[in-house]
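Worksheet for the structure shown next.
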Amino acid sequence: MKQLLLFMILSSAVLSNKVVAQDSTIYTKDGVALEVRNTGNNTLVELYKADSIFTFNIAVAKFPAGKKLDWHYHPGGQILIITEGIGYYQERGKPKRVVNKGEVIKCLPGVEHWHGSSVEAGVTYLATSPAQRGATVWLQKVTDEEYNSKTNK
């Protein structure tokens, strides 16, 4: 519970700071974006790496229009907070859905999913996941058919 409270406080601080919303250059780790499996031109930067006291990771991701991550899952689950733009989120076997600024997405532990920007607009989000169950497990690429499928609004 304390970890969730800390995450909420950190998220509120980041989201309420107008400078942050205008200047994404603060989202760096030694000036280099972390590598991630995606379709290119995305930025995923680790803001906080879990330690022995606070056992969750926090990252910010920014995708230009038409970009996405590969299928993947998180052994400990993940929470996404959409901070800008319009994106897509899809769990394996379910319809793709549109996600908008202000939405919170809960990715349950072990559930295969992908997320990215919409065709028309980019998306930015904060992501957090507990580290004690292991790192993200990457799967196959999202096909064009999956990415362009009908959305469930």
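If you sort the three axes of the alpha carbon gyration tensor as a ≥ b ≥ c, you get a/c of 1.5 or more for the range 43-111 and a/b no higher than b/c, which makes it oblate.
Model label sites at residue 52 and residue 121, defined 7 Å from Cα along the beta-carbon direction, differ in position by 4.5 nm.
Each peptide in 119-131, 85-97 was scored by the mean count of other Cβ atoms within 10 Å over its residues; highest first, the order is 119-131, 85-97. Residues whose amide H lies under 5 Å from that of residue 83, counting only those 5 or more places away or on a different chain, are 102, 124, 125, 126; hydrogens are built 1.01 Å from N in the peptide plane. Distance between the modelled labels on residue 111 and residue 65, one decimal in nanometres: 3.0 nm (7 Å Cα→Cβ projection). Once the Cβ-Cβ distance of residue 103 and residue 144 is raised to the sixth power relative to R0 = 30 Å, the FRET efficiency obtained is 0.75.
Coordinate-derived values only; no laboratory data. Every value quoted in this text rests on a predicted model; they were computed, and no experiment measured them. Reconstructed Cβ throughout: ideal geometry from the backbone, glycine too, with neighbour counts over all protein chains shown.
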